[in-house]
Structures are given as structure tokens and as C-alpha cells.
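Throughout, read-outs are computed from the coordinates displayed, never taken from laboratory work. This is a predicted model, so every value here is computed, not measured.
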Amino acid sequence: MTAEQGQRIRLELQSLLAERFHLQVSPQTKELPVYALIVAKGGPKLTPTPAPKANDKPHGQMIHMNGRGDLTATDVPVSLLADVLSRQPETNGRVVVDKTGLTGNYSWNLKWTPESPDGPSSGTPTDDAAPSFFTALEEQLGLKLDSQKGPVAVVAVDRMELPSVN
């Protein structure tokens, strides 16, 4: 799905909710726990994407989840990594804010042992088990998550009604 398609679907859903439930919302900012994505000691271990030459064909940005605990990216900014990390269960719903100061686009592969819904282990251990999420981030990408408080965009429900019977 492209960004434009995602935006169109969000707008259609907002319109449907407003029509059917008379839903009215307002954006707000709250100070909440966040994770700051920062560079770990030893520096970043991301592979910089070289700037394209005049005759190069664009190869496009890609970030792909190869199943839980396996993330691959090509030619993407670190801000996109922060966004994807925000959606991982291991961050417990916290927003991840890019505070690395890294500019440009990078490629990387991040493999970790996913947490199970019941706790930190993923269930079936293997001989080549990957490290935990936080350890993998530091060892493989040279980045770490620092617990902080920061402004987070939230949506407040101002009004909502039960739908009328059709």
C-alpha cells in the first residue's frame, strides 16, 4: 500500500465514523513516556546508502518485516526505523523518537528473539537464537532506546453517539 492509498483510506474511515457515530475528535499533545532512539557507544553500524549518480536508476526505499523478529531495510532514513520500532510489541506502545542525529538513508538487517504474549521468551529456543530486541538493536545497528518523557500526539474523543437503527 502506498502512502497516498493509506491516507485515502484514513480519510474515508474518518468520514464514515463521523457520519455513522457523529464522532468528533480533536488532536492534542501530551507528555508521555517515549523511547529516544540514540547512537550507542561505538557508533552506528548502519550501511549508508550512496547518493545516486546522475545516470543511476532510482532503486527505491524498502522496509520489510520478514516475520516477527526479522526486519530488513534498504535506502531508508533512521526516522522510518524509529516509526517501525514504535509498532513492535517490545516497545510496549511507546512512541520511538529519532534522536540519533543521523541524516541520509541507510540499509540494515535487524534480527531478534520476539517476546511472546506471556513474557520475554518466544517459546521455542534454537541453537542460533537471536538476542533480545534491545540487545539486537545495540549489537547489530549500534543504536539503543533510552527511556524518556516527551510530547506525543494523541486524539481526544470530543463526541460520539450510538448509531441509529437502519
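Assuming 0.36 nm per residue, please report the length gained on full extension of the stretch Gln14 to Asp70 beyond their Cα-Cα distance. All intermediate terms of the calculation are to be shown ahead of the outcome.
On the way: separation 56, 0.36 × 56 = 20.16 nm, distance 3.26 nm.
Length gained, Gln14 through Asp70: 16.9 nm.
In terms of the Cα gyration tensor, with a ≥ b ≥ c the square roots of its eigenvalues, is the range 1-44 rounded because a/c is under 1.5, prolate because a/b exceeds b/c, or oblate? Please report the intermediate quantities before stating the final value.
On the way: a/c = 6.21, a/b = 1.94, b/c = 3.21.
Oblate shape, in that a/c is at least 1.5 and b/c is the bigger or equal ratio.
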Cα gyration tensor shape for the range 76-117, rounded if a/c is under 1.5, else prolate or oblate | oblate
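At 0.36 nm per residue, and after removing the present C-alpha to C-alpha distance, how many nm does the segment from Gln7 to Ile38 gain when stretched out fully? Each step should come with its number before you reach the end.
Numbers: separation 31, 0.36 × 31 = 11.16 nm, distance 2.94 nm.
Separation in residues times 0.36 nm, less the Cα-Cα distance, equals 8.2 nm.
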Under-5 Å amide H pairs with Thr47, H placed in peptide plane, nonlocal only = Ser107
How large is ³J(HN,Hα), in whole Hz, for each residue of the range 17-34 in order, when computed from phi with the Karplus curve 6.51 cos²θ - 1.76 cosθ + 1.60 and θ = phi - 60°, using x for Gly and Pro?
-> 5, 5, 6, 7, 10, 6, 6, 10, 10, 9, x, 9, 10, 10, 7, 9, x, 9
